[in-house]
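Student: Sharing a structure below in structure tokens format, with a few things to ask.
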There are 2 protein chains.
Amino acid sequence: MITLALITLFGFNFIRKPKTGQKPGMHKAAIERTNETIAAQLTPVGRETVQDRVYSELRRALIGGLFEPNQVLTIRGLADALVTSTMPVREALGRLITEKALEALPNRSVRVPPITLERIDDLLRARSLIEGEAIALAATRMNPRQIASIEAMLGEWDEMRALKHKKDIDREATLNQSFHFEIYRCCGSAVLIPMIESLWLQSGPCIRVAIYAFSDAGEVDTAHYHRRIVAALAKQDAQAAREALVADISRPFAFLRDKLQSAAAKDQT
Amino acid sequence: MITLALITLFGFNFIRKPKTGQKPGMHKAAIERTNETIAAQLTPVGRETVQDRVYSELRRALIGGLFEPNQVLTIRGLADALVTSTMPVREALGRLITEKALEALPNRSVRVPPITLERIDDLLRARSLIEGEAIALAATRMNPRQIASIEAMLGEWDEMRALKHKKDIDREATLNQSFHFEIYRCCGSAVLIPMIESLWLQSGPCIRVAIYAFSDAGEVDTAHYHRRIVAALAKQDAQAAREALVADISRPFAFLRDKLQSAAAKDQT
DNA sequence: ATTTTTGATTTGTGATCACACTTGCTTTGA
DNA sequence: TCAAAGCAAGTGTGATCACAAATCAAAAAT
């Protein structure tokens, strides 16, 4: 019956005419100019709803691996933790479920998706494909200023590693994320970037498990691979950039894969 | 402050222990057997929430191109049309916005994303990349029974076209969708398929515009390209399948592109 | 006649409540 | 002693309401 209702959709009142695109108040030139100069100095404040904040927070937590795989989340529990009502949380959870960042069980409870071997391989393949394409596109489009920007991040990385003995994993993960997305943002595709974000969201809980284990041996390699990526981008060599990127993101997945397999083998005995 | 609240997340009551996976009632063997025979005959009823139905309906409408680009949708309007309250609709809209199937304007109103040249090229590139990969994977995995299944759909297509003079565009679009997803489902990737669905959702409003215009000249070509795809799959030729698919999905985009460019040129004069 | 202001209507957002379902524990019965 | 029924607490879903912001149309002012 819902189907029937929708067939007769056109002409109903939920269709609002698209805006004409014309600015309505194109009148006194002087006032207009005054407003423009003001607009040039002020940055738009931009409303942010509670739901948006909840959503971003949950995203951050997922990508950062603050939630473990298989962990069950409840609306009221999260609402308490975030100090809001249930409403923004339930909408944010629904959005994360459609992105496959969370999983809706038949009981109607929601949990962080579990890690399986197939899923790991599946995620790695998808990420190599899409992020590889994005970096290949970016390689031909990045200007020297943008290259310099990510090179600066590399420097910041070294500096952080040199100064602090304590491994600040959260900081490192954030920096890694910024490094990658700074590059992807240059690919010029408004379609690919949300897909990459979705993939990071899905692989977040997985790779965090790996990162914790590898901080010592992994760090130097990470810097090495990132340098390779920057070098390829500087030469505008799309193919080399793609390969360096795939090598970079493959490592934690391969590590996790081995760990899972050996765990399964030990479980078998 | 929300950030601080989340940092202290672990150990809170919203973490529920994952289920043990053990069936609790593993007792009298006779009763167990009786229940199993009953279970074998009955199919699980499976709850479907109102929100799910609304979401599916809106998806169907978007992929089918029932909404025009730039069209503004309102929660209450849709709720009236679907004969529910606003609650399921607003959650469904939120989910569609995160998938980029709809667009949230700064006014907090939501609309179908507009068509631009860049967006068309962007969508086509992403679809070629991902659906191409999916079909290449499927080519090496489809068994003869699955091949026969999509061949049967080809036959159904011819039959439909031969019998009806009237172009049943909705039916045709549905069949086209089934044809493609039947193939993609064989690629064995739980990650790629939702991404493809998301891409169809985004390109739905665009390509519908094209399909309306090309039904006459396009139909025979469509059948031709689909046959090429099936032939390549039957030979397990991944590369040929990918090329045939790209050719297939490129046509409506190219058509739309020309139409848009000529419209822009005419607008210029 | 055009622009601005004002007021009424519409719209999205968040909170709260009622209901149905699940879950875990206690009590009952064999 | 142990399985099964019963009960109570907790959870997701949908409806309704209050409020602020946006939109639109008419009235007022220049």
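Student: Taking the condition within 21 Å of B:PRO194 (Cα to Cα), in contact with a Ser or Thr (Cβ under 8 Å, 6 or more places away or on another chain) and free of Cβ contacts under 8 Å to residues at least 40 places away in the same chain, does B:ASP52 pass? Please lay out each step first, then the result.
Tutor: Details: within 21 Å of B:PRO194 (Cα to Cα): yes; in contact with a Ser or Thr (Cβ under 8 Å, 6 or more places away or on another chain): no; free of Cβ contacts under 8 Å to residues at least 40 places away in the same chain: yes.
Considered against the rule, which asks whether it is within 21 Å of B:PRO194 (Cα to Cα), in contact with a Ser or Thr (Cβ under 8 Å, 6 or more places away or on another chain) and free of Cβ contacts under 8 Å to residues at least 40 places away in the same chain, B:ASP52 comes out as no.
Student: Quick check on B:LEU66: is it assigned to a helix (DSSP H, G or I) and more than 9 Å from DNA strand C (Cβ to nearest atom)?
Tutor: no
Student: Further question on the same structure: Pairs please, first residue from the stretch B:77-106 and in contact (Cβ under 8 Å) with a residue 60 or more places away in the chain, second anywhere and among the small types (Gly, Ala, Ser) and assigned to a helix (DSSP H, G or I), Cβ atoms under 6 Å, 6+ apart in sequence or on different chains.
Tutor: Here the result reads B:GLU99/B:SER198, each pair linking the stretch B:77-106 to a residue that is among the small types (Gly, Ala, Ser) and assigned to a helix (DSSP H, G or I).
Student: Next up: Please work out which residue is nearest to the chain's Cα centre (by Cα), limiting yourself to the stretch B:97-108 and to residues that are within 12 Å of DNA strand C (Cβ to nearest atom) and within 18 Å of A:VAL54 (Cα to Cα). Reasoning before the result, please.
Tutor: We begin by selecting, within the stretch B:97-108, every residue within 12 Å of DNA strand C (Cβ to nearest atom); these are B:97, B:102, B:104-108.
Subsequent filtering for residues that are within 18 Å of A:VAL54 (Cα to Cα) retains B:97, B:104, B:108.
Details: B:ILE97: 15, B:ALA104: 21, B:ARG108: 26 Å.
If we take residues in the stretch B:97-108 being within 12 Å of DNA strand C (Cβ to nearest atom) and within 18 Å of A:VAL54 (Cα to Cα), then B:ILE97 is nearest to the chain's Cα centre (by Cα).
Student: Suppose we filter A:GLU103, A:GLU99, A:GLU68 for residues that are modelled with pLDDT under 90 and either more than 8 Å from chain B (Cβ to nearest Cβ) or within 20 Å of A:LEU199 (Cβ to Cβ) (or both); which single one remains?
Tutor: A:GLU68
Student: Return the residue satisfying two criteria in turn: it lies in the stretch A:109-149 and is facing another protein chain (nearest Cβ under 8 Å) and within 16 Å of DNA strand C (Cβ to nearest atom), and of such residues it is surrounded by the most Cβ atoms within 10 Å (Cβ to Cβ).
Tutor: A:ARG111
Student: Let me ask something else about it. Determine, yes or no, whether B:PRO113 is in a loop (DSSP other than H, G, I, E, B) and within 16 Å of DNA strand D (Cβ to nearest atom).
Tutor: Criteria not met by B:PRO113.
Student: Could you tell me which numbered condition A:ALA234 fails, if it satisfies all but one of (1) surrounded by fewer than 15 Cβ atoms within 10 Å (Cβ to Cβ); (2) modelled with pLDDT of 80 or more?
Tutor: (1)
Student: Also, I was wondering about something else. Looking at (1) under 23 Å from B:GLY46 (Cβ atoms); (2) within 8 Å of chain B (Cβ to nearest Cβ); (3) buried (at least 16 other Cβ atoms within 10 Å of the Cβ), find the lone condition where A:ILE75 falls short.
Tutor: Of the numbered conditions (1) under 23 Å from B:GLY46 (Cβ atoms); (2) within 8 Å of chain B (Cβ to nearest Cβ); (3) buried (at least 16 other Cβ atoms within 10 Å of the Cβ), the odd one out for A:ILE75 is (2).
Student: Tell me which residues, restricted to the stretch B:40-65, are acidic (Asp, Glu) and more than 9 Å from every other protein chain (Cβ to nearest Cβ).
Tutor: Those that are acidic (Asp, Glu) and more than 9 Å from every other protein chain (Cβ to nearest Cβ): B:GLU48, B:ASP52.
The values are calculated or read from the model by the stated rules, or taken from the named source; none is laboratory data. Computed from a predicted model, the values in this text were never measured in an experiment. Backbone-built Cβ (ideal geometry, glycine too); neighbour counts: all protein chains shown.
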